[in-house]
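Reviewing the structure listed below.
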Amino acid sequence: MCGIVGILGTEPVAGRLVEALKRLEYRGYDSAGVATVENGSLDRRRAEGKLHNLEERLASEPLTGRLGIGHTRWATHGAPTETNAHPHMTDRVSVVHNGIIENFKELRAELLAQGVTLSTDTDTELIVHLVTRELEQGHDPAVAVQHTLRRLEGAFAVAFIFRNYDDLMIAAREGSPLAIGFGDGEMYLGSDAIALAPFTDTICYLEDGDWAVLTRNGLAIRDRNGQPVERPVQKSVASALLVDKGNHRHFMAKEIHEQPEVVAHTLANYIDFAESRVLLPDMPIDLASVDRISISACGTAYYAGLVAKYWFERLARVPVEIDVASEFRYREIPLQPGSLALFISQSGETADTLAAMRYCQSQDQRIASIVNVRESSIARESDAVLPTLAGPEIGVASTKAFTCQLAVLACLAVAMARARGKIDGQKEAELVSALTEVPRHMSAILRDEAIYDSLSHTLSKAKDVLYLGRGINYPVALEGALKLKEISYIHAEGYAAGELKHGPIALIDETVPVVVVAPQDEMFEKVVSNVQEVAARGGQVVFISDGSQSAAGCDVMTAIQLPQTHPFTTPLIYALPMQLIAYHTAVFMGTDVDQPRNLAKSVTVE
Ligand code: F6R
């Protein structure tokens, strides 16, 4: 996750760009840079490391342009060097970029074949060359950007400035946020409203697929089909990070929508995209020697662990013992000294998880944790910490922390499988490529929520809702049920679909909606036959699948079609409909979505 800013100013902008970048430093800080247009010419300054290095560079070699873009980087493709720092530029155009370009290898090969000289290892440099090629063909900047955007796959945000255009900036958003600010004869853009707070409180947010042409006196936004669109202009309350809900009514909605970005950011921390392999930070634990894992966590974090059990066992062939921390801590489990004990927690302060961890410490286990809050007790007391880079999660019901936990666990499973010689480089590249596609698929799901809204009207009338899934998506069904009961207060249960006929089927009649998680994987046919058992008893099926509705082989109440994905990554993808069903139902019912009754964000008591 990187931070982007841009200013079309009436005075030189470099100082203010750096000021805005400081407010985005939480998004990335391994290098930074600014570029401006002055008397029609592009120029830039960049520096490795923290922002004060860039400030020093600008003090000795000032930029005085009144139009500029800036960037603070968290490296994805290419090391955090000055050469790889943004803005990237040719003699015609300069760009800052946040996110991942998935088809980077194809675009790189194409440009190299056309004789373009590339000077960095970044995916961003490809964007400037694609735009430059369009400009060389005689297109104006807006058309050049529009043509280029059509070539880019992935979840990203970009901002461009151009040689000979002293009053033009073009920005686009596909999965990563971009806010546009309105000033007095000035315009601004930033990755969030916080960056723009010193300059303006009047902002609008681009939506996915939007691209915007900014001049000092105006803004024209077009959607992905090139149609002019208006986005609501609002007063931002960005003075404090924690009270900013962006364009959303609730923190939970904001956090659901942040997932393409924060999952990409988290993956970027564990994947070398250029080499298509997982690259874990240095760990004092030898993954090759791990022959047994015990996982312990609570609630949603426990379900992330349950998904990981399937990944670790199937890919790395390591047996996994998993339990909710409140049971684990008292079970007095015999543990073999030197085994790996893994703890998953958003807050890093959950009392039961911490107690389970301390039990494992007393049993000479090697302790690894996956936490979102880096300074937390669980992180501090672990031998190895694998952070989720989800950013602050405010909504009590966990959403983005869950998918980021899954992203880290998936990477850990791949790394362990490779270390134990259970997968080869080709298989690793296949799995990494599947993970790389996740943010884009998430964006596609979040683009249209109408179906969840209409489904909420039916679900709000239900007294009980069942969730079914099999295999790796059984925990996703459990998570779906947890989300619904937490925020809508409707009774919901998740079951392994194969268990249906061992009891829960007795509950089914025409008043019971049954949400079925049914990706077209090896379990699909079995799930479908469970769906038919439900339908035959009058159950109201909500069929969530990448297959068509007809694949269910029976009448369903609602079919939610998801993008086709690799079976490995389906839990990350199918988590989103689970969250959206719960969110829209709760909103329709008027409950307190962000602070549901009786719940606390961080459960620091037993
Ligand atoms: C559910 C939820 C809780 C937490 C659980 C563990 O939406 O948020 O179930 O997942 O309380 O919390 P952490 O992850 O902070 O240990």
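The values are calculated or read from the model by the stated rules, or taken from the named source; none is laboratory data. These figures come from a predicted structure and were not determined experimentally. So basically every Cβ, Gly included, is an ideal-geometry build from the backbone, and we count neighbours across all protein chains shown.
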For this session: State all residues of the range 322-343 that are crowded, with 20+ Cβ neighbours inside 10 Å, near the ligand (Cβ under 10 Å from one of its atoms) and of a type in the set (A, V, I, L, M); if no residue qualifies, say none.
Result: ALA325
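Residue-by-condition table, conditions (1) in a helix (DSSP H, G or I); (2) in contact with an Asp or Glu (Cβ under 8 Å, 6 or more places away or on another chain); (3) at pLDDT below 95:
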{"residue": "SER239", "(1), (2), (3)": "no, no, yes"}
{"residue": "LYS245", "(1), (2), (3)": "no, no, yes"}
{"residue": "ALA253", "(1), (2), (3)": "yes, no, no"}
{"residue": "HIS265", "(1), (2), (3)": "yes, no, yes"}
{"residue": "ASN269", "(1), (2), (3)": "yes, no, yes"}
Exercise. Just checking, which of VAL414, VAL408, VAL438, VAL432 is within 16 Å of the ligand (Cβ to nearest atom), among the aliphatic types (A, V, I, L, M) and in the same structural domain as ASP291 (by TED's automatic domain parsing)?
Worked result: VAL408
Exercise. In the range 278-301, is there at least one residue being without any contact (Cβ under 8 Å) to a residue 60 or more places away in the chain and of a type in the set (Val, Ile, Thr)?
Worked result: yes
Exercise. Within the range 475-513, how many residues turn out to be of a type in the set (Lys, Arg) and more than 26 Å from the chain's Cα centre (by Cα)?
Worked result: 1
Seminar exercise, completed: Reported set for the range 146-191 where residues are among the acidic types (Asp, Glu) and buried (at least 24 other Cβ atoms within 10 Å of the Cβ) is GLU174
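Each row is one residue, and each column tells you yes or no for (1) touching a strand residue (DSSP E or B) at 6+ places or on another chain (Cβ under 7 Å); (2) more than 16 Å from the ligand (Cβ to nearest atom); (3) among the small types (Gly, Ala, Ser); (4) assigned by TED's automatic domain parsing to the domain that holds ALA429.
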{"residue": "LYS254", "(1), (2), (3), (4)": "no, no, no, yes"}
{"residue": "HIS257", "(1), (2), (3), (4)": "no, yes, no, yes"}
{"residue": "GLU261", "(1), (2), (3), (4)": "yes, yes, no, yes"}
{"residue": "LEU267", "(1), (2), (3), (4)": "no, yes, no, yes"}
{"residue": "PHE273", "(1), (2), (3), (4)": "yes, yes, no, yes"}
{"residue": "SER276", "(1), (2), (3), (4)": "no, yes, yes, yes"}
{"residue": "ALA288", "(1), (2), (3), (4)": "no, yes, yes, yes"}
{"residue": "ALA301", "(1), (2), (3), (4)": "yes, no, yes, yes"}
Exercise. If we keep just the residues of the range 200-222 that are in a loop (DSSP other than H, G, I, E, B) and at pLDDT 95 or above, which is surrounded by the fewest Cβ atoms within 10 Å (Cβ to Cβ)?
Worked result: ARG216
Exercise. Taking the stated definitions as given, is SER545 farther than 30 Å from PHE328 by Cα, surrounded by fewer than 17 Cβ atoms within 10 Å (Cβ to Cβ) and away from the ligand (no atom under 16 Å from the Cβ)?
Worked result: no
Problem set entry | Residue match in the range 19-36 (condition: under 30 Å from GLU136 (Cα atoms), in contact with a Phe, Trp or Tyr (Cβ under 8 Å, 6 or more places away or on another chain) and hydrophobic (A, V, I, L, M, F, W, C)) | no
Exercise. Just for the range 102-135: of the residues that are among the hydroxyl-bearing types (Ser, Thr, Tyr) and farther than 23 Å from VAL438 by Cα, which one is surrounded by the most Cβ atoms within 10 Å (Cβ to Cβ)?
Worked result: THR132
Seminar exercise, completed: Note on the range 431-461: residues over 20 Å from the mean Cα position of the chain (by Cα) and acidic (Asp, Glu) are ASP453
Problem set entry | Residue check, PRO62 out of contact with any helix residue (DSSP H, G or I) (no Cβ under 8 Å at 6 or more places or on another chain) and on the phi < 0 side of the Ramachandran plot | no
For this session: Considering each residue of the range 42-88, count those that are closer than 12 Å to CYS2 by Cβ, among the charged types (D, E, K, R) and surrounded by fewer than 24 Cβ atoms within 10 Å (Cβ to Cβ), and give that number.
Result: 0
Exercise. Within the range 344-364, can one find any residue that is crowded, with 22+ Cβ neighbours inside 10 Å, of a type outside the set (Gly, Ala, Ser), part of a strand (DSSP E or B) and near the ligand (Cβ under 8 Å from one of its atoms)?
Worked result: yes
Exercise. From the list TYR583, TYR495, TYR574, which one is outside the structural domain of ALA356 (by TED's automatic domain parsing), within 15 Å of the ligand (Cβ to nearest atom), aromatic (Phe, Trp, Tyr) and surrounded by 21 or more Cβ atoms within 10 Å (Cβ to Cβ)?
Worked result: TYR583
For this session: Note down all Cβ pairs under 6 Å where the first residue falls in the range 18-31 and is free of Cβ contacts under 8 Å to residues at least 60 places away in the same chain, the second is assigned to a helix (DSSP H, G or I), and they're at least six residues apart or on different chains.
Result: VAL18/GLU55; LYS22/LEU51
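Quick grid of which residues meet (1) within 16 Å of the ligand (Cβ to nearest atom); (2) of a type outside the set (A, V, I, L, M); (3) buried (at least 20 other Cβ atoms within 10 Å of the Cβ); (4) under 21 Å from the mean Cα position of the chain (by Cα):
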| position | (1), (2), (3), (4) |
| --- | --- |
| VAL531 | no, no, yes, no |
| GLN540 | no, yes, yes, no |
| ASP555 | no, yes, no, no |
| GLN579 | yes, yes, yes, yes |
| SER602 | yes, yes, no, no |
For this session: Return the residue satisfying two criteria in turn: it lies in the range 366-401 and is within 12 Å of the ligand (Cβ to nearest atom) and outside any loop (DSSP other than H, G, I, E, B), and of such residues it is modelled with the lowest pLDDT.
Result: SER377
For this session: Please work out which one of (1) within 16 Å of the ligand (Cβ to nearest atom); (2) in contact with a strand residue (DSSP E or B) (Cβ under 9 Å, 6 or more places away or on another chain); (3) under 25 Å from ILE394 (Cβ atoms); (4) of a type outside the set (Ser, Thr, Tyr) is the condition ILE295 fails and give its number.
Result: (3)
